1. Given SER55, SER48, which one is open to solvent by less than 80 Å² (accessible area, probe 1.4 Å), within 22 Å of ILE11 (Cβ to Cβ), among the hydroxyl-bearing types (Ser, Thr, Tyr) and under 11 Å from the mean Cα position of the chain (by Cα)?
2. For region 1-49, enumerate the residues that are under 18 Å from ILE92 (Cα atoms), aromatic (Phe, Trp, Tyr) and at pLDDT below 90.
3. Exactly one of these conditions fails for ILE89: (1) within 13 Å of the chain's Cα centre (by Cα); (2) closer than 21 Å to MET1 by Cα. Give me its number.
4. For region 1-45, give me the residue count where each residue is more than 18 Å from THR102 (Cβ to Cβ), of a type in the set (Ser, Thr, Tyr) and either touching a strand residue (DSSP E or B) at 6+ places or on another chain (Cβ under 9 Å) or surrounded by 14 or more Cβ atoms within 10 Å (Cβ to Cβ) (or both).
5. Please enumerate the residues belonging to region 73-96 that are touching a helix residue (DSSP H, G or I) at 6+ places or on another chain (Cβ under 7 Å) and either in a helix (DSSP H, G or I) or not β-branched (Val, Ile, Thr) (or both).
6. Output the residues belonging to region 60-84 that are within 24 Å of VAL36 (Cα to Cα) and open to solvent by less than 70 Å² (accessible area, probe 1.4 Å).
7. Does PRO27 qualify as being within 9 Å of the chain's Cα centre (by Cα) and more than 13 Å from MET1 (Cα to Cα)?
8. Enumerate the pairs (first residue in region 1-25 and closer than 17 Å to ILE56 by Cβ and touching a residue at least 60 places away in the same chain (Cβ under 8 Å); second residue anywhere and assigned to a loop (DSSP other than H, G, I, E, B) and open to solvent by less than 30 Å² (accessible area, probe 1.4 Å)) with beta-carbon separation below 7 Å, excluding pairs fewer than 6 apart on the same chain, so at least 6 apart or on different chains.
Amino acid sequence: MDIISGLFQYISTAIPSQIWPMVLFRPISGSASLAVLIDIFKTCGVDSLAGMMASIIQGSTDTTVYVITLYFSSVGIKKIGNSLSIGLIADIAGIGMAIFLTLLIFA
């Protein structure tokens, strides 16, 4: 995860490197992203830029893959392609706006 975070850090140096694991885990697993959030709070602090950004990402996105598999399998829907792509686009929009607004307001 450190290698992936280091690669993403070259994209933008304004975004803290601790955020990238959360960005990757949030659409897949809620508990993994919560563990990353707690780790960010322990290492950087709650009031740090990374802590604020992680909190906004946690609140503005959803675990898309988990929700689609759980709800669609319970009612027997097999074709999930459009829902998955729209959900991931919504996650990208939520993460992007969370990063943008955090840098705009708190940085």
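1. SER55
2. PHE8
3. Here ILE89 clears every test but (2).
4. So the count comes out to 1.
5. Passing the criteria: SER83, LEU84, GLY87, LEU88, ASP91, GLY94, ILE95.
6. SER60, THR61, THR63, THR64, VAL65, VAL67, ILE68, LEU84
7. Judged against the criteria, PRO27 is a match.
8. Qualifying pairs under 7 Å: none.
The values are calculated or read from the model by the stated rules, or taken from the named source; none is laboratory data. Please read these numbers as outputs of a predicted model, since none were measured by experiment. Here the Cβ is made from the backbone with ideal geometry for all residues, glycine too, and neighbour counts use every protein chain on show. We work out accessible area using only protein heavy atoms, side chains counted, and drop any ligands, DNA or RNA first. Shrake-Rupley method; radii C 1.70, N 1.55, O 1.52, S 1.80 Å.
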